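One structure is given here, and the rest of the page talks about it.
Read-outs throughout are calculated quantities, based only on the coordinates presented, and are distinct from any laboratory measurement. Fair warning: this is a prediction, and the values are worked out from it, not measured in the lab. All Cβ positions, glycine included, derive from the backbone under ideal geometry; neighbour counts span all protein chains shown.
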Amino acid sequence: MNIVIEIEKERAKYAQRKKRYSVGLILSAVLFLLGAALMIVLSPDEYGLWQWLLIGVATIYIWGLIYFVSVPYKVVRQYEAFYRSYTRGITEREKLTVVGHNTDIKINKNGLEVTTLKTTFVDKNQSFERDIYVLGKNLSLPSGTNINAHLFCNVLLGYEVLE
Amino acid sequence: MKMTRKRLEIALAYNWPLFIGLPVCAGLAISYLFGVYHQPLPYEKLNLFVASLETESEAICENIQAKFADQNLKEVSITSANPGDAIFNQKLKVVGYNRADLFLLPLSVLDDLTPSDVMLPFSEELIDTYINSEARTYYVDEQLTFGVLLRSRSEDSWLDDFIDFVAEDYYLCINVKSKNVADFGMYDNAEYDLALQTFSYLLGGEQ
């Protein structure tokens, strides 16, 4: 069996990253609030300039926060959720024939960045097409190769090349 | 993580109200907090209740504020009411009694009031410290002094530039509930006497 993803290793990596990001988020919020409170308390009676300065800093912080929560943090959460749900979800094994590999990166419904492996499978003497997702571009399976694929949420986790 | 741009586009498409709304809310909150924190304390602000036909509030406030700026006076306000108005008494009793530090009232208004309800009776010490030595006419009720003549109807005053007085004798009185009357009033805060200093200033004129 050729392993495409080392589930446990990836799960641990993303779990740790999620924890680090969460701590960073909380810490940044606490620091920002402390800084804002200090600015208010230490501001002179003519506080107009300080007020606008703080509003500017707060705007930049909030934009950064929204970006961080909706992009890097969300990615980590989605990857971590994918690997975590693997232990509870249903995995499948399917005999497939590789047709081609589209290396354009897409975001699938789980939020993972994937490429598409075009395959076919035979059911009741009829051939059907099936696109499966591959995490990353590095998969060297020539066209026409028969594989026994190990899939979870239509993502290729590992495969065996069949004779 | 090569799709950062694509993910950002998705985030913007879904979260654009947050990008606008949250900074606006934060701005309002910051503005409010600055305002609350820098709000003048009771002993840093002064309110004068003036019974007059018309008052140039801004000018007289600026004048008093400029005089006492170095003594931490941050806000001066005027509550003005025409003694001829039907709601004058109500305004005096609701707004004046509760907010004002000093009252500039004509004799006819004073005669209709019970000064002991809200006016500070002048003690010897107060008179010696804050009223200059020249002979003064006082408003006395039940053997207590509640006011000092500020402007006689027959004489001009430096305050005529700011206040359109009714043609009567005007008395200057002090609110017993003021927090700016040192320890003469209801509160024992000897170091805060801005109302009394303003009282002296109004009596003495622009010197």
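At what distance in nm do the modelled label points of B:ASN132 and B:VAL94 sit from each other, each positioned 7 Å from its Cα along Cα→Cβ?
So the two model labels end up 3.9 nm from each other.
When we measure straight from the Cα of A:LYS18, which aspartates and glutamates land under 14 angstrom away, once same-chain ones fewer than 8 places off are left out?
A:GLU10, A:GLU80
Ranked by Cβ crowding within 10 angstrom, fewest neighbours first, how are A:ARG93, A:ARG11 ordered?
By the 10 Å Cβ count, ascending, the order reads A:ARG93, A:ARG11.
Return the aspartates and glutamates within reach of A:LYS118: Cα separation strictly under 12 angstrom, same-chain partners fewer than 8 residues apart disregarded; answer none if there are no such residues.
A:GLU129, A:ASP131
Can you list the HN-Hα couplings for the stretch B:57-66, worked out from phi with the Karplus curve (6.51, -1.76, 1.60; θ = phi - 60°), rounded to whole Hz and with x for Gly and Pro?
Calculated HN-Hα couplings, in order: 4, 4, 5, 6, 5, 4, 4, 5, 4, 5 Hz.
Binned at 20 Å from 0, what are the whole-percent values of the Cα-Cα distance distribution for the protein assembly as shown, short to long?
Using 20 Å bins, I get a P(r) of 21, 27, 18, 15, 14, 4, 0 for the protein assembly as shown.
Under a Cβ-only charge scheme (Lys and Arg +1, Asp and Glu -1), can you give me the dipole magnitude of the protein assembly as shown about the Cα centre, in debye to the nearest 20?
4940 debye
Looking only at the stretch B:42-160, where both bridge partners belong to it, what percent of the DSSP beta bridges are antiparallel (to the nearest 5)?
Percentage antiparallel, nearest 5: 30.
Among B:LYS67/B:LYS93; A:LYS13/A:LYS109; A:LYS74/A:LYS95; A:LYS13/A:LYS95; A:LYS95/B:LYS6, which pairs are too far apart, with a Cα-Cα distance over 27 Å?
Flagged as over cut-off: B:LYS67/B:LYS93; A:LYS74/A:LYS95; A:LYS13/A:LYS95; A:LYS95/B:LYS6.
Evaluate the distance, in nm, between pseudo-label points positioned 7 Å from the Cα of B:HIS38 and of A:GLU92 along their respective Cα→Cβ axes.
6.5 nm
Specify whether the C-alpha gyration tensor of the stretch B:71-207 places it in the rounded, prolate or oblate class, a ≥ b ≥ c being the square roots of the eigenvalues: rounded for a/c under 1.5, otherwise prolate if a/b is larger than b/c and oblate if not.
Because its axes are fairly even, with a/c under 1.5, the stretch B:71-207 counts as rounded.
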